[in-house]
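Quick notes on the structure that follows.
The values are calculated or read from the model by the stated rules, or taken from the named source; none is laboratory data. Keep in mind that what you see is a predicted model, and the values were worked out from it rather than measured. Positions of Cβ are generated from backbone atoms using ideal geometry, with glycine treated the same way; all protein chains shown enter the neighbour counts. These area figures cover heavy atoms from the full protein model, side chains too; ligands, DNA and RNA do not enter into them. Shrake-Rupley method; radii C 1.70, N 1.55, O 1.52, S 1.80 Å.
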Amino acid sequence: MSKLIVYQYPKCSTCRSAVKWLEAQGHELELRDIKESPPDAKELSAWIDRSGFELKKFVNTSGEIYRQEGLKDKLPGMSREEQIALLSSRGMLIKRPLVSDGKQVTVGFKPEEYERVWGN
């Protein structure tokens with residue numbers, strides 16, 4: 001079993017639940033604080049490409065920063081590179097937890113999705 005990189009926010013209950021679930025499955029985890037050390041633009045872009053998801057799935061639309069800065073209206077007018085640069089500079093704008101083993105990527109925490117991707 002390979003080590004999983006987990007971008008999470010320690011105060012987030014969803015992140016704590018995801019970490020607990022992954023640990024219960026026996027995964028070795030490298031926890032990274034998404035607020036203090038978000039993925040850089042290159043890493044984030046690679047994870048988005050690898051995931052097969054649209055970029056918008058990686059945006060934390062329920063967060064305070066998203067609402068305060070009016071990003072619902074601003075993001076659609078930004079290029080992909082601009083959006084990725086914004087997310088990588090402000091980790092709390094990234095939906096969390098963000099988990100990868102270098103091949104697969106999950107965003108958020110849904111037990112059924114984790115079972116499919118990270119289950120033993």
## Note on the structure
If amide H atoms are modeled at 1.01 Å from N in the peptide plane, then the residues at a separation of 5 or more from VAL59, or on another chain, having amide H under 5 Å from its own are LYS95
### Message
Just the number please: accessible area per residue for region 25-85, 1.4 Å probe, all protein chains included, in Å².
### Response
64
#### Entry: Gain on full stretching of the segment that runs from ALA85 to LYS56 - 0.36 nm per residue minus C-alpha separation
9.1 nm
### Query
If you count the DSSP beta bridges with both ends in the chain, what percent of them are antiparallel, to the nearest 5?
60
### Query
Size of the dipole of region 26-120 about the Cα centre, Lys and Arg at +1 and Asp and Glu at -1 on the beta carbon, nothing else charged, in debye to 20?
280
#### Entry: Option label - mean projected area of the Cα convex hull in nm² computed here, alternatives [x] 7.0; [y] 8.1; [z] 8.7
[x]
### Task
Please work out how much length the chain gains when fully extended from ARG67 to LYS103, using 0.36 nm per residue of separation minus the C-alpha to C-alpha distance, in nm with one decimal.
9.7 nm
### Message
Multiplying the sequence separation of GLU30 and LYS42 by 0.36 nm and subtracting their Cα-Cα distance, what value in nm do you get?
### Response
2.4 nm
### Message
Could you work out [θ]222 nm for the chain from helices alone, using -39500 (n - 2.57) per DSSP H run of at least four and dividing by all its residues? Round to the nearest 500 deg cm²/dmol.
### Response
-11500 deg cm²/dmol
### Query
What is the magnitude of the charge dipole of region 60-102 about its Cα centre, with +1 placed on the Cβ of each Lys and Arg, -1 on the Cβ of each Asp and Glu, and no other charges, expressed in debye to the nearest 20?
120
### Query
Under a plain spin-label model, where a point goes 7 Å from the Cα along Cα-to-Cβ, how far apart in nm are THR14 and SER2?
2.5
### Task
Calculate what fraction, in whole %, of the accessible area of region 10-120 sits on carbon and sulfur atoms when a 1.4 Å probe is rolled over the protein chains.
47
### Query
Under the definition of Cα pairs under 8 Å and six or more residues apart, what whole-number percent is the relative contact order of the chain?
35
